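Chemist: The following block contains the structure, expressed as structure tokens.
The values are calculated or read from the model by the stated rules, or taken from the named source; none is laboratory data. Model, not experiment: these values are computed from the prediction. All Cβ positions, glycine included, derive from the backbone under ideal geometry; neighbour counts span all protein chains shown. Heavy atoms of the whole protein, side chains included, go into the accessibility calculation; ligands, DNA and RNA do not. Shrake-Rupley method; radii C 1.70, N 1.55, O 1.52, S 1.80 Å.
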Amino acid sequence: MVDGERIDGVWCHIWRRTDFSGEYYVNDLVLYADGTVVCDGATDLPGLKRLLDVGRLALTPPDAPVKVDERSKWESRWGEPRTPESFLLEVADRVEELNGRPAAARRCWDAAGRYAREPSEANRELLRAAYLAVPQHLRIFVLGDMDRLDRPLRILLTDVGAHVDGDGPLVTPEMHESELEYFRRQAEAIATAEQRRAALHADDPVTAGRPTVTSHQTVYPRGRPTEPGLFVLRNDFPAPIAYDGETYASVLHGYWALSAADTADRARIREAPSGRDAQEVGSGVVRRDGWTGLRLAVMAGLLRAKFTQHPELGTVLLGTEDARISYTGFSDSPFWLDARDDRGRNWVGRLLELVRSELALTQEPQRA
């Protein structure tokens with residue numbers, strides 16, 4: 001999270017040299033959409049290059065045996081060796097992908113489709129540039145064709161009368177036309193799949209929604225502000241709720257009281273001075289039978305009651321429009337939070353989006 005915004009990322013293994021012994025060990029390298037690279041410290045792409053140049057990071061341990069493919073380049077089914085240069089190209093490419101921009105493989109496919117539609121020399125050179133922009137160790141996989149690999153591209157980029165890769169077949173005009181037809185068939189298949197997908201997803205919005213709205217857990221040591229803003233989305237925001245025959249001072253009061261097996265414990269939790277106090281008391285009592293399977297429905301009911309019984313709070317929730325709601329914090333179970341690890345389920349955020357949709361439905365003009 002950076003200033004409340006979730007930054008997507010990917011990771012891979014890399015070898016890192018220790019400061020004391022100089023030996024290498026496997027470490028995680030994490031790459032984020034903003035170009036930040038983290039491996040025992042944060043850096044950027046130029047910084048990653050420097051770490052590779054000085055040997056602080058390595059793609060393989062220095063004493064690893066070199067794998068040699070004795071077959072000809074045309075017959076080989078292995079990719080080119082991954083070098084620091086091609087790895088940096090791959091990292092830059094993943095940044096593009098994380099930001100929703102076309103990666104090198106997509107650009108190569110687009111160039112191949114353009115050349116198949118209009119087989120001019122200018123489009124062939126554009127295809128060549130797009131193919132060479134793919135990191136060399138990934139080119140063999142660029143078409144996703146495990147039978148033919150990237151050979152259709154290599155044939156098209158070889159002049160008629162020359163051998164592919166210098167040791168492959170002699171290229172003929174018929175071979176070029178055959179590979180152009182290969183890409184035309186692929187384009188037709190992709191277009192058909194996209195049309196099918198569009199029909200199946202016909203209810204999806206046609207424009208991008210609002211950016212994510214993040215609800216932070218906030219502490220106000222000098223008292224809450226007069227205008228609480230998005231703080232009203234928090235479960236500890238004080239808003240009396242009538243639910244299941246009782247009145248609770250906040251969603252947290254209701255949730256933890258209803259989780260308790262004992263009637264006396266429920267009363268103690270309900271009377272706690274604040275939502276977090278209610279959580280503190282509630283966390284130490286015996287839970288009612290089957291609570292794990294019931295808690296989601298109870299939370300949904302409490303949130304629904306909160307925002308329908310307090311229209312001014314419902315207006316704030318509706319003001320988030322179609323934004324994804326990320327509910328973060330440090331006091332609740334990851335089940336409820338948009339946590340960074342794989343335990344984070346963001347169920348409060350998801351239920352807030354559900355209640356928002358229900359409120360919007362009630363405000364829709366009645367149909368005749």
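Chemist: Work out how much length Leu200 to Val160 would gain on full extension: take 0.36 nm times their residue separation and subtract the Cα-Cα distance, in nm to one decimal. Kindly include the intermediate steps, with their values, before the conclusion.
Modeler: Numbers: separation 40, 0.36 × 40 = 14.40 nm, distance 4.38 nm.
So the extension gain works out to 10.0 nm.
Chemist: So, one more: Evaluate Rg over Rh across segment 1-111, taking Cα atoms for both radii and Kirkwood's formula for Rh. Please report the intermediate quantities before stating the final value.
Modeler: Working: Rg = 16.4 Å, Rh = 15.9 Å.
Computed over Cα atoms, the ratio is 1.03.
Chemist: Using +1 on the beta carbon of Lys and Arg, -1 on that of Asp and Glu, and nothing else charged, what's the dipole of segment 1-159 about the Cα centre, debye to 20?
Modeler: Approximately 460 debye in magnitude.
Chemist: Calculate I(q)/I(0) for segment 306-368 by the Debye formula, one identical point scatterer on each C-alpha and no solvent, and give its log10 at q = 0.12, 0.13, 0.17, 0.30 Å⁻¹ to two decimals.
Modeler: Treating every Cα as an identical point scatterer, log10 I(q)/I(0) equals -0.36, -0.41, -0.63, -1.18.
Chemist: If you place +1 on the Cβ of every Lys and Arg and -1 on the Cβ of every Asp and Glu, how big does the dipole about the Cα centre of segment 109-265 come out, in debye to the nearest 20?
Modeler: Numbers: 16 positive and 24 negative charges, 91 e Å.
With Lys and Arg at +1 and Asp and Glu at -1, about 440 debye.
Chemist: Counting heavy atoms of the protein chains only and a 1.4 Å probe, report the per residue accessible area for segment 286-362 as a whole number of Å².
Modeler: 49
Chemist: Considering the chain, what Rg and Dmax in Å follow from its alpha-carbon atoms?
Modeler: 28.9, 90
Chemist: Sticking with this structure for a sec: Using the heavy atoms of the protein chains and a 1.4 angstrom probe, tell me the accessible area per residue for segment 124-177 in square angstrom. Mind showing how you got there, number by number?
Modeler: Numbers: 2460 Å² over 54 residues.
It amounts to 45 Å² per residue over segment 124-177.
Chemist: Could you give each residue of segment 211-217 its phi-based ³J(HN,Hα) in whole Hz, using Karplus coefficients 6.51, -1.76, 1.60 with θ = phi - 60°, and x for Gly or Pro?
Modeler: x, 4, 9, 9, 9, 8, 6
Chemist: Something else: Given a Förster distance of 30 Å, report the FRET efficiency between Trp11 and Gln217 from their Cβ-Cβ distance, rounded to the nearest 0.05. Walk me through the numbers before you get to the answer.
Modeler: Working: r = 27 Å, r/R0 = 0.89.
The value I calculate is 0.65.
Chemist: Same structure again: Give, in nm to one decimal, the length gained when the segment between Leu45 and Arg287 is fully stretched (0.36 nm per residue of separation minus the Cα-Cα distance).
Modeler: On the way: separation 242, 0.36 × 242 = 87.12 nm, distance 5.03 nm.
Residue separation times 0.36 nm, minus the Cα-Cα distance, leaves 82.1 nm.
Chemist: Please give the helix 121-132 orientation as an angle from the longest Cα principal axis of the chain, in degrees from 0 to 90, rounded to the nearest 10.
Modeler: Here the helix axis deviates by roughly 60 degrees.
Chemist: Heavy atoms only, probe 1.4 Å: what % of the accessible area of the chain goes to carbon and sulfur, would you let me know? All intermediate terms of the calculation are to be shown ahead of the outcome.
Modeler: Values: 11240 of 21210 Å².
Carbon and sulfur: 53 percent of the exposed surface of the chain.
Chemist: Please give the helix 104-117 orientation as an angle from the longest Cα principal axis of the chain, in degrees from 0 to 90, rounded to the nearest 10.
Modeler: Here the helix axis deviates by roughly 60 degrees.
Chemist: Additional query: Set the Förster radius R0 to 25 Å, insert the Cβ-Cβ distance between Glu96 and Asp167 as r into 1/(1 + (r/R0)^6), and round the FRET efficiency to 0.05. Numbers along the way, then the final one.
Modeler: Working: r = 34 Å, r/R0 = 1.35.
FRET efficiency, Glu96 to Asp167: 0.15.
Chemist: Still on this structure, please answer the following. Given charges of +1 on the Cβ of Lys and Arg and -1 on the Cβ of Asp and Glu, with all other atoms neutral, how large is the dipole of segment 210-290 about its Cα centre, in debye to the nearest 20?
Modeler: Working: 10 positive and 10 negative charges, 61 e Å.
Here the size comes out at about 300 debye.
Chemist: On a 0 to 90 degree scale, rounded to 10, what angle separates helix 84-98 from the longest Cα axis of the chain?
Modeler: Compared with the principal axis, the helix lies near 40 degrees.
Chemist: Go ahead and run the numbers for FRET between Glu188 and Asp145, Cβ-Cβ distance against an R0 of 22 Å, rounding to 0.05. Please report the intermediate quantities before stating the final value.
Modeler: Numbers: r = 16 Å, r/R0 = 0.71.
Taking R0 as 22 Å, the efficiency between Glu188 and Asp145 is 0.90.
Chemist: Now a separate question. Compute the Rg to Rh ratio over segment 46-194 from the alpha carbon atoms, using the Kirkwood formula for Rh, and round to two decimal places. Numbers along the way, then the final one.
Modeler: On the way: Rg = 17.2 Å, Rh = 17.0 Å.
We get a ratio of 1.01 for segment 46-194.
Chemist: Same structure, new question: For Val54 and Glu118, compute 0.36 nm times the residue count separating them, minus their Cα-Cα distance, and round to one decimal in nm.
Modeler: 18.4 nm
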